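The values are calculated or read from the model by the stated rules, or taken from the named source; none is laboratory data. These numbers come from a predicted model, not from an experiment. For neighbour counting, all protein chains shown are included, and Cβ atoms are generated from backbone atoms with ideal geometry for every residue, glycine included.
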Amino acid sequence: MHPPENLSALVARACVCRYEHGLFHGHPGMPDIRRACLVPAFVFFFFMLYPPAWIGSRGAARPAAAGGCILIRREMLERVGGFGAIRGEVIDDCALAAPSGRQGGRVWLGLSAATRSVRGYATWGEIGRMISRSAFAQLHHSVWLADRHRSGTGADVHGPAGAGARRARPAAALGACGWLLMSVAYFPALRFYRRSPLWAPLLRPSPPFYLAATIHSAVCYWRGAGGMWKGRAQDRAR
């Protein structure tokens, strides 16, 4: 659901900051513990992979998108080939942002507490399928990138805790510091979703969930059932 001021806010930002492409990532609303555990972590890791300063630089090498609400200048849309150029893409918002960046445009991506997602995602399975639908496509169907994703997830989240479990005091101190810094870095995401900082320890179990969804995404792709949406497989191994 979009508030009345959404369009004017995006237009104003595009005009003042000279962006060619602007996107709002909507707030999903979190009435239950499943979304409260997983959604802030998803946004946290997304912005770790795609920092806004990198996305917003002119001609960014790694443009990203999360299109709950998208505004693009008409000239830029025509320059990248229009919507017809992305008709076969699984992740259409990212597919539209990438050529905008390559054409020298600036892409802005921000969070909006006022824009609300109406999709339920009421169960663990529904959240997992939401990730699985496009995860392997986001990795360009690369097993190597999937393995890097797995390794990076383990190093980021389990590494500090693993070091802390050792008996050596220096390693334990290092692990505790790493865990503390990770929790502090997670606080802004929790604050945006109006969660207490006490939820920070729940960051640790979320990466295995996303990793499992990514593996499921790869398996579905190889089985010819990737990108399943409304009963149609949109991403299949050729």
TODO: Any chance you could count how many residues in the stretch 1-23 are surrounded by 11 or more Cβ atoms within 10 Å (Cβ to Cβ) and assigned to a helix (DSSP H, G or I)?
DONE: 9
Open item on the list: Pull out all pairs, ordered by first then second residue, where Cβ-Cβ is under 7 Å, the residues are six or more apart or on different chains, the first lies in the stretch 207-232 and is β-branched (Val, Ile, Thr), and the second is in a helix (DSSP H, G or I) and crowded, with 18+ Cβ neighbours inside 10 Å.
Closed with: Thr214/Ala135; Thr214/Phe136; Thr214/Ala146; Thr214/His149
TODO: Please name all residue pairs, on different chains or six or more residues apart, with Cβ atoms under 6 Å, provided the first residue is in the stretch 191-204 and is within 12 Å of Leu38 (Cα to Cα) and the second residue is surrounded by 15 or more Cβ atoms within 10 Å (Cβ to Cβ) and not aliphatic (A, V, I, L, M).
DONE: Tyr193/Pro40; Ala200/Ser183; Ala200/Tyr186; Leu202/Cys37; Leu203/Tyr186
TODO: Go through Leu181, Leu174, Leu145 for me and flag whichever is modelled with pLDDT of 80 or more and assigned to a helix (DSSP H, G or I).
DONE: Leu181
Task: Residues that are part of a helix (DSSP H, G or I) and among the aromatic types (Phe, Trp, Tyr), drawn from the stretch 64-120 - done: Phe83
